[in-house]
Amino acid sequence: RSYNKMTEEVYQKTISEKDLNLQMLRSQINPHFLYNTLDSMRMAALNVGYDYLASMCELLAKILRYGVSSPKNLVTVEEEQNHLCEYITLINLRYSNIVIQRNIDPSILQYRMLKLLLQPLVENSVNHGIGDDTENGMIQIWGFQREDMLVFMVTDNGNGMDEEHLQLLRDYLDDKNNAFKSIGLKNIKKRIQLYYGEKYNLSIDSRPGQGTSVTVTLPLITDND
């Protein structure tokens, strides 16, 4: 009985320590803490003349704020585009070998969509399509209306994938394997189909030496829908 009691006390102590550590970690990544820290970093960079570093801190703070603020599910295409522009500016400060072009039809800006769909698509192209290795990297973002749907496409001129690798990725997005660790595209696809239904989707095409294209289809939704 004494042994069992001692074991239980040790177990409870371990659980309590883990809970305290988790609470401390959560307090450290509190959004307000991050904003204040980034603002302090921005001011410190300005004081020593590192304007580009100050700009990066400011942009990162805005990107984080967009992600955690406003609990509503839907934003306008214009709001999503503005967030995307801040991310593109940050990428341009980080990478000198990547050009990112936006081609979003102004006529669709009033429609509403799930937030944080476009930025992860561009981030995927940056990290997996181009990165540091490709010279004269090009990413193009397209947004337009096709019949009763919104269509967004993100294309890059990176190395691309052969058919075998592409099919493996498509199966991963459909939960048919665990061949990849990246969750960005998979997360977007699941969010789209959970919110809008199976009619709407994320699809990916690629060819070796010709780059990769990711396409997202969404319904047309206005304020009154």
Practice prompt. Spot the failing condition for PHE33; the list is (1) modelled with pLDDT of 80 or more; (2) of a type in the set (A, V, I, L, M, F, W, C); (3) within 22 Å of the chain's Cα centre (by Cα); (4) assigned to a helix (DSSP H, G or I), and only one is missed.
Written response: (1)
Fill in: Matching strands (runs of 3 or more DSSP E) fully within segment 104-217 where at least 2 residues are under 24 Å from ASN82 (Cβ atoms) and open to solvent by 30 Å² or more (accessible area, probe 1.4 Å)
137-146, 149-156
Practice prompt. May I ask you to verify whether ASP223 is open to solvent by 30 Å² or more (accessible area, probe 1.4 Å), within 27 Å of TYR111 (Cα to Cα) and modelled with pLDDT of 95 or more?
Written response: no
Worksheet item: Among the numbered criteria (1) at pLDDT 90 or above; (2) among the small types (Gly, Ala, Ser); (3) more than 19 Å from ILE221 (Cα to Cα), which single criterion is violated by SER107?
Response: (3)
Worksheet item: In this structure, does TYR87 turn out to be of a type in the set (Phe, Trp, Tyr), at pLDDT 85 or above, in a helix (DSSP H, G or I) and within 22 Å of the chain's Cα centre (by Cα)?
Response: yes
Practice prompt. Could you figure out which of (1) modelled with pLDDT of 85 or more; (2) assigned to a helix (DSSP H, G or I); (3) open to solvent by 50 Å² or more (accessible area, probe 1.4 Å) isn't true of VAL99?
Written response: (2)
Worksheet item: In segment 57-96, which residue that is hydrophobic (A, V, I, L, M, F, W, C) and open to solvent by 50 Å² or more (accessible area, probe 1.4 Å) is farthest from TRP142 (Cα to Cα)?
Response: VAL68
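The values are calculated or read from the model by the stated rules, or taken from the named source; none is laboratory data. Please read all numbers here as calculations on a predicted model, not as lab measurements. With ideal geometry, Cβ positions are generated from the backbone for all residues, glycine too; neighbour counts draw on all protein chains shown. The area values use the complete protein model at the heavy-atom level, side chains included, leaving out ligands, DNA and RNA. Shrake-Rupley method; radii C 1.70, N 1.55, O 1.52, S 1.80 Å.
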